[in-house]
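**Student:** Can you keep this structure in mind? I'll have questions shortly.
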Amino acid sequence: EHCVVIGDLNTGRHKADEAGKTFRCTSLLGQFCTQGYTDAWRELHPQAREYTWVSHKGGGFRIDAAYLSRLLREKLQSARHAHQLRSAGTSDHAPIVVQLGS
């Protein structure tokens, strides 16, 4: 099926989407991936580190993501975080922008 799960998931991968290991529910996120969903941004940026939310204590976390079903993964063209919206104060999160081809 063509399916996108997108938004603030409040979890991610330890030491990839956060500096340490504070995330909860990482095993559920892993199960989600086992079901065939792909993290669009991570697919295109496997070694990169960007944070979409920063705590009041200053720690950064990538908790905003878009997961694509197998059929949509093939159509993935780009994925980026709109950091300017967080920097401008429009939101306390940097949303993810995903472009899919036909």
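The values are calculated or read from the model by the stated rules, or taken from the named source; none is laboratory data. Because the structure is predicted, anything quoted here is derived from the model rather than measured. FYI the Cβ positions are ideal-geometry reconstructions off the backbone, even for glycines, and counts take in every protein chain you see. Each accessible area value is taken on the protein alone, full model and side chains, heavy atoms only, with ligands, DNA and RNA left out. Shrake-Rupley method; radii C 1.70, N 1.55, O 1.52, S 1.80 Å.
**Student:** For region 1-36, enumerate the residues that are among the aliphatic types (A, V, I, L, M), open to solvent by 70 Å² or more (accessible area, probe 1.4 Å) and more than 21 Å from Arg70 (Cβ to Cβ).
**Tutor:** The one that is among the aliphatic types (A, V, I, L, M), open to solvent by 70 Å² or more (accessible area, probe 1.4 Å) and more than 21 Å from Arg70 (Cβ to Cβ): Ala19.
**Student:** Taking only pairs six or more apart or across chains, which ones have beta-carbon atoms under 6 Å, a first residue in region 74-91 that is farther than 14 Å from His45 by Cβ, and a second residue that is part of a helix (DSSP H, G or I) and of a type outside the set (Val, Ile, Thr)?
**Tutor:** If the second residue must be part of a helix (DSSP H, G or I) and of a type outside the set (Val, Ile, Thr), the pairs left are Ser91/Leu85.
**Student:** Now a separate question. For region 54-102: of the residues being in contact with a helix residue (DSSP H, G or I) (Cβ under 8 Å, 6 or more places away or on another chain) and small (Gly, Ala, Ser), which is farthest from Gln31 (Cα to Cα)?
**Tutor:** Ser91
**Student:** Across region 50-82, which residue is most open to solvent (accessible area, probe 1.4 Å) among those that are among the basic types (Lys, Arg) and under 11 Å from the mean Cα position of the chain (by Cα)?
**Tutor:** Filtering region 50-82 down to residues among the basic types (Lys, Arg) leaves 57, 62, 70, 73, 75, 80.
Subsequent filtering for residues that are under 11 Å from the mean Cα position of the chain (by Cα) retains 62, 80.
Working: Arg62: 6, Arg80: 118 Å².
Among them, the one singled out is Arg80.
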